[in-house]
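Take a look at the structure set out below.
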Amino acid sequence: MHLEPQARRWIVQGLIGVAVGLVLGFLIGWWILPVEYTNTPPSVLRRDYRDEYIVMVATAYEVEGDLDQARERLAALDPDSPAAPVVELAERLVVAGGDSEDLARLARLAWALDAITPPLMPYLEDQP
Amino acid sequence: MKGSSMQWLPLFVGLVLGLVLGLVYTWYIAPVELVNTYPPLMRSGYRWDWIRMAALSYVADGDLEQVRGRLEGLEREDVAGAMEALINEYAAAGRPTETMRRLSALAQALDVYTPAMLVYLNTPAAPVNTPAFAVSPTPLDVTAPPTPSETTPTPKPTRTPPPPTLTPTPLPPFRLTEREQICQPGQAPHIEVVVRDENGEELSGVEVWLMWPDGADRAVTGLKPDRGAGYADFDADPDVDYSLGTSELGVPLVTGLRIEPCPEEKDKEQLMGSWRIVLERRSAATGTPEPTAP
């Protein structure tokens, strides 16, 4: 196929334009003006905030003694297995040498949720 | 001139087309992934719950700096609203005085005020910054890789601290001796309180607080001398749960007070009953705790 030089130049220009436009679009859409989320659930919290959330659920359970509410709060992290985030964090804290008070609270909550695991047993001295 | 403009038209059209395609892709097809968010971005119900749990952690630990850290970035309106709701709910439920004191102290530290907390701020309080039990101020950080010694499968035997039993609260100086529904025609629903000493003599100058979920009111006995030196009263509305306490220690002595209809009488209009509450000062010798009256 033979194109006029003028037409070829237009095609090349158009393709360059599209490429530059795409790069600009990616830059704007992902870095400069990315989609901003609001009204998010706790399940998408950054890991450190998620850990804080779980520890606070355990602390609130200790203060209020409301297991249903604790279960409901944890279901916001894992609807299928609300106890899983507690056990996962507690075991991570055991390995990392986390705060013993946090560990004890998490272990007590895990116990109340019937999800206690062997690594957490030493933190359950007060349980019957 | 026109020819010169037309010369760059394909480039311009391509640029616009590419930009539009890029934005559609990045905003709709493959937007920034919804991970690593932080509390202020949560839905309002979750934000309020976050604040509530942070406040309850203060009740347990007394660590103000930790609470401030947890509330960082949250709107003041959210913090105020959630704190007020929590304090009002706890006041109406007649939660332990020490818990109420801590919540009230936290609210004050966060520059939040609600009428229900005033009674707990006006009374001698235990130092709120003293944790009920020892808590390490070490921040929660489990992202650091464990050192070899920390990977020991058996955790160190750690004595689990007792549950957060709060400091024993001294007995309230007054106790409930009488709680009677009064049904008198022509009287607006109210709650009247008579305060007596251990010998049955009416006491003037005693500060009495009436609390309900949205607020609190204060009265001092003896300001209506025709009703007696120990008399004080409050207007009251139906369908509100009231609790009653004296200024000392802010202990709710009576909870669950509601303006309710009087028993029906034949051929008479049904009245809304008021309440007459009689409080008696404990004698110094009284040492055994008594449960709070229902």
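Bear in mind that the values in this text are calculations on the coordinates, not laboratory data. These figures come from a predicted structure and were not determined experimentally. As a convention, Cβ positions derive from the backbone with ideal geometry for all residues, glycine included, and neighbour counts pool all protein chains shown.
Multiplying the sequence separation of B:Glu265 and B:Asn36 by 0.36 nm and subtracting their Cα-Cα distance, what value in nm do you get?
75.9 nm
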Check: When the label point is put 7 Å from the Cα of A:Ala84 along its Cα-to-beta-carbon vector, which residues of the range A:92-116 have a backbone N closer than 18 Å?
Finding: A:92-93, A:110-111, A:113-116
Checklist line | Residue of A:Tyr53, A:Tyr61, A:Tyr37 that the Gaussian network model of chain A assigns the largest fluctuation, springs spanning Cα pairs under 10 Å | finding: A:Tyr37
Check: Separation between the A:Asp48 and B:Cys183 pseudo-spin-labels, each 7 Å from Cα along Cα→Cβ, expressed in nm?
Finding: 6.4 nm
Note to self: Among B:79-92, A:64-77, how do they line up by average Cβ neighbours within 10 Å per residue, starting with the highest?
What the structure shows: B:79-92, A:64-77
Check: How many nm is it between the label spots at A:Leu24 and B:Asp197, if each spot is 7 Å from the Cα in line with the beta carbon?
Finding: 8.9 nm
Note to self: Given a 10 angstrom Cα cut-off, can you work out which residue in A:Val63, A:Val87, A:Val12 is the most mobile in a GNM of chain A?
What the structure shows: A:Val12
Note to self: Counting other C-beta atoms within 10 Å, and keeping those with at most 14, which DSSP coil trypsin sites (Lys or Arg not before Pro) do you find in the range B:11-94?
What the structure shows: B:Arg43
Notebook entry, point to check: Taking springs between alpha-carbon atoms closer than 10 angstrom, which of A:Pro85, A:Pro118, A:Pro42 fluctuates most in the Gaussian network model of chain A?
Noted result: A:Pro118
Next item on the list: Mark the label point 7 Å from the Cα of A:Leu15 along Cα→Cβ and return the residues of the range B:9-24 whose backbone N is within less than 13 Å of it.
Entry: none
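Once the convex hull of the C-alpha atoms of the range B:39-121 is built, how many Å³ does it hold per residue, rounded to a whole number?
Details: hull volume 6.5 nm³, N = 83.
So the per-residue hull volume is 78 Å³.
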Next item on the list: Of all alpha-carbon pairs in the range A:42-123, indicate the percentage at a distance above 23 angstrom.
Entry: 10 percent
Next item on the list: Using a Förster distance of 30 angstrom, determine the FRET efficiency expected from the C-beta separation of A:Asp114 and B:Ala85, and round it to 0.05.
Entry: 0.45
Check: In nm, what is the difference between 0.36 nm times the number of residues separating B:Phe12 and B:Tyr113 and their Cα-Cα distance?
Finding: 30.4 nm
